[in-house]
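K.L.:
Please see the structure below; I have some questions.
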Amino acid sequence: MAKKQKAQGGGAPDWLVTFADLMSLLVCFFVLIISFSIQDKEKLQVVAGSMREAFGVKDTSRKTGIIEVEGIPIRDYMKDISQVEQEMDSDFSQERHEKRRKQGPEANTHDTLEADIEKPRQFATAAASLRQAWQEMPEITEISSNIILEENDEGLNIMLVDQDGRSMFREGSKYPYETTRRLIAKMAPVLAQMPNRIEITGHTTAGQLSANPDYTGWDLSSERANIARQILAEYGVPDDQIFAVVGKADTEPLFPNDPYLAANRRVGILLKAEAPPLPLGHKP
């Protein structure tokens, strides 16, 4: 009789607790369905880009870092290049100048073809010298993925790019980290020895947010490019070697398929593939 009374007044049956848990799970499930049905496109692309970077999935793989532990160059003809060859290049240029002076104007066509052949060799030497200068930095292995050397029709483009978890500049600021500053400073002596003019460009990612609405990506990218110019000038690059300092905001992403990717945020230092300007008073 006592057991029967306990069953009648002992509280809620056991199945009711399980039913309550099931209903809670269903409520959570419907809340998630509703939240996923209302999407913020920009935030979704940012998350997607971060996930692709985290798991190593990228639609475009044409850009790779140039400073590897093994020292693998980007071009086959760079494999045997070393900084010692700069003296040979200087001797070669002086010898070519003497030869051209003796031959006179009829050698102009030959000189043009010779110059086209010499450009890749010249840029290969510059790239090898940059790599050698950077490898003197103790932290170069850690920041190797932030450095890209790309040779194209415009010249030798040296890009300092952000990666998830490692930025080259302070967030939202024109000032670089000390490692970035020393990286640019190491470039200056090599670039100053080249006859080519230099173009510096700053780039930001899409959806860049700023605490000051009047301070846009145009301002930030321009100021970062100019800071890079100031560092180069401080360590030996002459002012007349600078061709342009430009801020391009998010208009030219490095990875157009994912404009929110951190690697689109970068500073490019282009060693232009062009004949140096003639000095004043020179008559061809």
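The values are calculated or read from the model by the stated rules, or taken from the named source; none is laboratory data. Fair warning: this is a prediction, and the values are worked out from it, not measured in the lab. Cβ atoms come from the backbone with ideal geometry, glycine included; neighbour counts cover every protein chain shown. For accessibility, only protein heavy atoms count, side chains too; no ligands or nucleic acids. Shrake-Rupley method; radii C 1.70, N 1.55, O 1.52, S 1.80 Å.
K.L.:
Any chance you could count how many residues in region 205-241 are touching a residue at least 40 places away in the same chain (Cβ under 8 Å), more than 21 Å from R182 (Cβ to Cβ), in a helix (DSSP H, G or I) and open to solvent by 50 Å² or more (accessible area, probe 1.4 Å)?
P.N.:
0
K.L.:
When you scan region 242-257, how many residues do you find that are farther than 20 Å from E171 by Cα, not in a loop (DSSP other than H, G, I, E, B) and not aliphatic (A, V, I, L, M)?
P.N.:
Residues meeting the conditions: 1.
K.L.:
Further question on the same structure: How many residues, within region 184-196, are open to solvent by less than 60 Å² (accessible area, probe 1.4 Å), farther than 20 Å from F169 by Cα and not polar (S, T, N, Q)? Let's see the steps before the verdict.
P.N.:
Let us first name the residues in region 184-196 that are open to solvent by less than 60 Å² (accessible area, probe 1.4 Å), namely 184-185, 187-188, 190-192, 194, 196.
Filter once more, so that each one left must be farther than 20 Å from F169 by Cα: 190-192, 194, 196.
Those still in the list that are not polar (S, T, N, Q) too: 190-192, 194.
Number of matching residues: 4.
K.L.:
Restricting the first residue to region 251-270 and requiring it to be in contact (Cβ under 8 Å) with a residue 24 or more places away in the chain, which pairs with a second residue that is basic (K, R) and buried (at least 22 other Cβ atoms within 10 Å of the Cβ) meet a Cβ separation below 7 Å and a spacing of at least six or different chains?
P.N.:
L254/R266; V267/R224
K.L.:
Name every residue in region 169-207 that is under 24 Å from Q241 (Cα atoms) and touching a Pro at 6+ places or on another chain (Cβ under 6 Å), in order of residue number.
P.N.:
Residue satisfying the conditions is P195 alone.
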